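The block underneath contains the structure these notes are about, expressed in structure tokens.
Please treat every number below as a calculation from the coordinates, not as lab data. Note that this is a predicted model, so its numbers are computed, not measured. Counting neighbours? That spans all protein chains shown, and the Cβs are built from the backbone with ideal geometry, glycine included.
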Amino acid sequence: MSDKLFIFDTTLRDGEQVPGCQLNTVEKIQVARQLEALGVDVIEAGFPISSPGDFNSVIEISKAVTWPTI
């Protein structure tokens, strides 16, 4: 058994489901970088099939962070 705890964050996907909460790509990248700084292992960055904007945001987030799995 591994002693490693993996952190899987859904802020960028589930967070946008809150009424009135809409982040642009730059804001999403800022959040992703902070999650990376916190040591998050996996970032669920959005639902890319839902729209071209979400698709592009996920691509840009994957370019902006190096450690977490997107």
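Details
- Angle between the chain longest axis and helix 52-64 axis [Cα atoms, degrees, rounded to 10]: 40
- q = 0.12, 0.16, 0.17, 0.27 Å⁻¹, the chain: log10 I(q)/I(0) [Debye, one scatterer per Cα]: -0.30, -0.51, -0.57, -1.28
- Net charge dipole, the chain: roughly 140 debye, given to the nearest 20, about the Cα centre with Cβ charges of +1 for Lys and Arg and -1 for Asp and Glu.
- Cα-based helix-to-principal-axis angle, 25-38 vs the chain, degrees rounded to 10: 10
- Extension gain for Glu27-Glu44 works out to 4.6 nm (0.36 nm per residue, less the C-alpha to C-alpha distance).
- Counting beta carbons within 10 Å around each of Asp9, Asp3, Asp14, Asp41 and listing the fewest first gives the order Asp3, Asp14, Asp41, Asp9.
- Among the chymotrypsin sites (Phe, Trp or Tyr not before Pro) in region 2-70, those located in a DSSP loop and surrounded by at most 15 other Cβ atoms within 10 Å of their own Cβ are Phe6.
- Coil-residue trypsin sites (Lys or Arg not before Pro) of the chain, DSSP, other Cβ within 10 Å capped at 13: Lys4
- Residue-averaged [θ]222 nm for the chain, counting only DSSP H segments that reach four residues, each worth -39500 (n - 2.57): -13000 deg cm²/dmol
- Within-14-Å neighbourhood charge of Glu16 [Cβ basis; K, R +1; D, E -1]: -3
- Formal net charge of residues neighbouring Lys63 (Cβ-Cβ distance under 14 Å; K, R +1; D, E -1): 0
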